[in-house]
Amino acid sequence: PRVVSAIKDKFPDMIVWTDVALDPYSDQGHDGMVSSDTVRGDDGKFARVLNDETVEQLCRQAVCQARAGADVVAPSDMMDGRVGAIRDALDSHGFTDVSIVSYTAKYASAYYGPFRDALDSAPRESSLAPRNKKTYQMNPA
């Protein structure tokens, strides 16, 4: 938020877009918060990605970015219901003119590999988190 505020202070007419995402801040490499419990899946026993709890956090992040001066927030995660929830959160905090631009689909494929490598945000083999993003990203087939 400090960088967004500084940009808007120096260049008030500049349109600022921000990314709404948790994976750059996660030590497990997922787009969402990961549960502390485990469930049995096809390839072993892993924790779950918590959709609703993640959406709540994404809403807080979007409002924080809007408060700092973002003109457009761009959720890049793939949690169900996030766009509507973010719109409701922005509107309820008086940010009715802040736009939302989001991915319409993300595929659980190797396409995002270089990006995940650059951010060091690929799912971690060392945690109980799911080994991939297939539970909330689309099948590329």
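Worth a mention:
- The set of residues in segment 48-94 that are crowded, with 18+ Cβ neighbours inside 10 Å and more than 14 Å from the chain's Cα centre (by Cα) comprises 48, 66, 69, 70, 87, 89, 90.
- Some residue of segment 62-79 being among the hydroxyl-bearing types (Ser, Thr, Tyr) and either more than 18 Å from residue 102 (Cβ to Cβ) or assigned to a helix (DSSP H, G or I) (or both): no
- Looking only at residues in segment 109-124 that are over 15 Å from the mean Cα position of the chain (by Cα) and surrounded by 15 or more Cβ atoms within 10 Å (Cβ to Cβ), the one that is modelled with the highest pLDDT is 109.
- Segment 35-74 - residue that is at pLDDT below 95 and basic (Lys, Arg) and, of those, nearest to residue 94 (Cα to Cα): 48
The values are calculated or read from the model by the stated rules, or taken from the named source; none is laboratory data. Since we're looking at a predicted model, the values are computed, not measured. Here Cβ is always computed from backbone atoms with ideal geometry, including for glycine, and neighbour counts include all displayed protein chains.
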